[in-house]
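The values are calculated or read from the model by the stated rules, or taken from the named source; none is laboratory data. Just so you know, these numbers come straight off a predicted model, no measurement behind them. Ideal geometry is used to build each Cβ from the backbone, glycine not excepted, and the neighbour counts take in all protein chains shown. Keep in mind that these areas ignore ligands, DNA and RNA; they rest on the heavy atoms of the full protein, side chains included. Shrake-Rupley method; radii C 1.70, N 1.55, O 1.52, S 1.80 Å.
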Amino acid sequence: MITRSSLILLLAHLSLFSAETDTDLFNNLTDDMSSIAQTAKDQRANIDYLPFIMTVFDGEELAHAGASSLKEALSLAAGVNIASDNLSLFNPVFRGSNPVAYGQSKLIVDGVEVNDLFFDGYTAYLSMPIDMIKRIEIVRGPGSYSDGHSGYAGSIVVTTYKEEAPSGGVSRWFASAGTYGTRKAGASYATKHDDFSFAADLYTIHDNLSLSYGPDGMSNGILSYNLGGNLPGVTIDNRPLSQSGHAPSATDATMVSASLSKGAFFADGRISSYRHGSAGGINYALAADGDHYNIDQWQIRSGAHYNINSFTGTVQAAMIQDSFVSHQLLAPAEFRYYSLTLPTPVVVTYPDGFYGIHEAFIRTYRVNNTLAGTLFGGDTTFGISGSWSSVTSEKTITTDRDSGTGMTDYSTTLPFFNPNGSINNLTAYMTYEKVITPVLTGYASLTVDRRNGISPQIDPRIAAVYAIDPANLIKFSISRAHRNPSWQEMFTLNNKARWGNPDLLPETVIAYETQYIHQFETDHTLSFNLFRLNNDNQIYLQYNPSLARYEYVNGLKSSIQGIEGEWRKRYDATTFYAAYTHIWAEDGNGVTLANTPSDTARGFITQNLDEHWYGSLAGRWQNKIPRAATDTRNDMKAIGIVDTSIGYKLPYLNSEIQFTVKNIFDEKEFYPSPSNTYDGDYPSTGRAFMATLRGTF
C-alpha cells in the first residue's frame, strides 16, 4: 500500500492540469523553423523543435526537488532506470536496452565525452553533485545530438555552471552533510573579459556506507570446481565458505577541471578520482573491510576554431588516461583451489584467503576536426575523428598460487587484462538539416565507424519535425546505431567470473520513433512518444562448462516497443514534471525481457511558498521486474520511492539552506543480480537525510 499511496501523493497535483491554449504566446516564435532550430541548438531553448526525443532539466530545479547527484537526477527522467552490479558500478539503462552491459549511453560533460575505456561506463561521474550542474539534456534513442558523440540507446549532455558563466563571471559554492557520514563540498569560478575566459571547478565527496548482502556467489558454486563430477580432476567444493553480512560500499571521490580560451584558441582539462568499496566482490565473493577499487581518469584537450569561406571549423587534440585499480580479498580464509604446478596440479589451501592487487592504465590519443556551414540551403556539419588506445602498465599480484601464502607477481604469466590489447577507432560523420516548408524541417545524419579489424559500422539517421500549428508538433525518426565492445568485454583474462573475447562484434539497434508535443504555453507542454527498438548481437556473459568460466559472447536479441508520456509546467512559483513509460519487451525467443520493468512513473513538484521558503515532493515507481527464464527466483517486487525537501533562501547572504529526506517510507530497494550468483539481489540505501548550504559570491 505504501508504494501505491506514494504514487498517488506524487501525482495528486495532476488536478492542476489546464487544457487552455493561448496561441498568442506562439505568434512570436517564428514562421521560419530554421531559426527556431538554430536558437534551440545555440541557446538550448525551444528544444521541442529539435529532431530528438529529449528531456531537459535545470540543475537548480533538480536541486530544489531533492536530487543531490547526477545519478539521482537521471532517476527522475522518463525512460531511464539505474542498474548496478556486484561492485556497485552504476549504469543508466534507457528503455530496457541490455541492462547487463555498460556503454549503452554516452555522457558528455562540457562538450567532452567522459565514458571510461574499461567499462565504457561513467560511474564516477554519476556521483557528481547536482550543485555543480547547470543543465542536463537527456536524449532517448540513438543518434549524435552532440557532434561526434553518438549514443547507442541514448545520450546525456551535462553543462556545468563554469561552462556557461555570464559575462564578467560568477562564483558558486556548496557544502552538504547527511546520513552514512556523507560529506560533500564544491565550488566553481568563471570569468570573462573580451575574448578571454577562464573557468575552474572542484568538488569532493565522502561517505561511510556499508550495505548488507545475502549469501554470496560461493553458495552457488562460484569458485568451486567440478561439482558435477564430469570434469577432469578432483572436486573442490568451496560452498561452505559462502558469507553474508555487511560489505564496504563507501565512496571517496574528487574531481577538478579547468578551461580557458583566448580568441580562437581553447584548452581544458579534467581530473577524476573515484574510490569505492568492493561491495559484492569482483568474483561474487563478499568483500572484506578495506577492500576497494579505483576508477580514475584524466583528460587534457586543446584546439582552435577557424574559418574557410562561409564554413566554421574546429580542430582539437586530446590525451586521456583511464585506470582501474583493485585491492581485494578475492576469496575467504581456507579457500581451496588447484595450484599452478605442472604437470600434476595439486589442491592448495589458502589459510588467510586469496588476495589480489590488480592495476591497469590505458592511454588514449584522440584527434577530431569538424566543419559546419550552409550547403544547398541547409545546415551541414562534417566531422572526422580518430583515437588510439593501448595499455601503458598492468600489474597482477596475488597470493602465491602454489603455496597459498605470501604474495607473487603474476603480471607477465597471469595478467588480469591482456597487456597487448589495443583499440583503434576511425570515425567520419555528417549531419544535414533543412527547412523543407515553413512547417516542416528535415534532418539526416550518417556515421561510419571502424574499430580495429572489424568491418565498418554504417549508422544512418533520418528525422523530421512537423508543426501542425504553433501549438502542436510531431516528430518522426528512423535510425541505426551500434555499441562497440568495451575493454573489459574484449581483454579480461584469468578471471572465471568474466573472461574477455577479442572477437566480439558490435551490438546494433534499429530504432523507430515518433512524438507528439502540445504546447499550452511557452513553459507548459504535454508529449507522447511511441518507439520500437530492435536490438541484435547484444553482449552478455555465458557459462562455458568445459572451461568452468563465464565468457563474454554475442547473441542476445530483444524487441522493445513502448509509449512514454511527459507533462511539464513552470508557473511563477511552481515547477511540475511527471512522466510515465510502458514497454512491451521480448528477447529473441519471444520471452519477456528479463531485468526490465514494464511500467515506470516518476516526477516532482517544487513550490515557492513565499519569498524565502520553498518545498518539494519527488517520487518514482516501477512495477515488478521479471527474472530470466532460467532463474527460479521470484520476480522482484514493485517499489515506490518518495523524497521531500524544504529550503530557506538567505538573499542578504546570496545563499540558501535546504533539508532533504530521501526515501521517506524507508522502502527496501534492490538491483537485480544474475542467477547463480548472489541468492538475494544487490542492496541499495534506505531512508537518508541531507542538509545543504549553497550560495554565490
| Count of residues meeting criterion [modelled with pLDDT of 85 or more, outside any strand (DSSP E or B) and farther than 16 Å from residue 626 by Cα] in the stretch 546-594 | 1
| request: Considering only the stretch 580-620, state which residues are among the aliphatic types (A, V, I, L, M), closer than 12 Å to residue 645 by Cβ and in contact with a Phe, Trp or Tyr (Cβ under 6 Å, 6 or more places away or on another chain). | output: 605, 618
| request: Collect the residues in the stretch 485-511 that are touching a residue at least 12 places away in the same chain (Cβ under 8 Å) and either closer than 14 Å to residue 51 by Cβ or touching a helix residue (DSSP H, G or I) at 6+ places or on another chain (Cβ under 9 Å) (or both), keeping them in residue-number order. | output: 497, 498, 500, 501, 502, 504, 511
| query | Of 252, 216, which residue is among the acidic types (Asp, Glu), out of contact with any helix residue (DSSP H, G or I) (no Cβ under 8 Å at 6 or more places or on another chain) and within 21 Å of residue 109 (Cα to Cα)? | reply | 252
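Need at least 1 residues that are on the phi < 0 side of the Ramachandran plot and of a type in the set (S, T, N, Q) per element, so show me which helices (runs of 4 or more DSSP H) inside the stretch 56-175 make the cut, counting only ones lying wholly within it.
On the way: elements: 59-64, 70-74, 123-126.
The qualifying helices (runs of 4 or more DSSP H) are 123-126.
For every residue, the table says whether it meets (1) in contact (Cβ under 8 Å) with a residue 40 or more places away in the chain; (2) part of a strand (DSSP E or B); (3) open to solvent by less than 20 Å² (accessible area, probe 1.4 Å); (4) closer than 26 Å to residue 600 by Cα.
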{"residue": "627", "(1), (2), (3), (4)": "yes, no, no, yes"}
{"residue": "645", "(1), (2), (3), (4)": "yes, yes, yes, yes"}
{"residue": "657", "(1), (2), (3), (4)": "no, yes, no, no"}
{"residue": "666", "(1), (2), (3), (4)": "no, no, no, yes"}
{"residue": "680", "(1), (2), (3), (4)": "yes, no, no, yes"}
{"residue": "691", "(1), (2), (3), (4)": "yes, yes, no, no"}
{"residue": "695", "(1), (2), (3), (4)": "yes, yes, yes, no"}
| remark: Subset of the stretch 154-171, residues open to solvent by 20 Å² or more (accessible area, probe 1.4 Å) and at pLDDT 95 or above, comes to none
| query | residue 365 versus (1) in a strand (DSSP E or B); (2) open to solvent by 40 Å² or more (accessible area, probe 1.4 Å); (3) at pLDDT 95 or above; (4) more than 20 Å from residue 112 (Cβ to Cβ): which is the lone unmet condition? | reply | (4)
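For the stretch 306-337, which positions are in a loop (DSSP other than H, G, I, E, B), closer than 30 Å to residue 224 by Cα and open to solvent by 40 Å² or more (accessible area, probe 1.4 Å)? Break it down stepwise before answering.
From the stretch 306-337, those in a loop (DSSP other than H, G, I, E, B) are 309-310, 332-334; that's our starting set.
Okay, now just the ones that are also closer than 30 Å to residue 224 by Cα, so 332-334.
Selection gives 333, 334.
For a quick check of your reading: which strands (runs of 3 or more DSSP E) sit entirely within the stretch 376-458 and have at least 2 residues that are touching a residue at least 40 places away in the same chain (Cβ under 8 Å) and open to solvent by less than 40 Å² (accessible area, probe 1.4 Å)? Break it down into steps so the answer makes sense when it comes.
On the way: elements: 378-399, 407-409, 422-437, 440-451.
Where strands (runs of 3 or more DSSP E) fall fully within the stretch 376-458 and carry at least 2 residues being touching a residue at least 40 places away in the same chain (Cβ under 8 Å) and open to solvent by less than 40 Å² (accessible area, probe 1.4 Å), they are 378-399, 422-437, 440-451.
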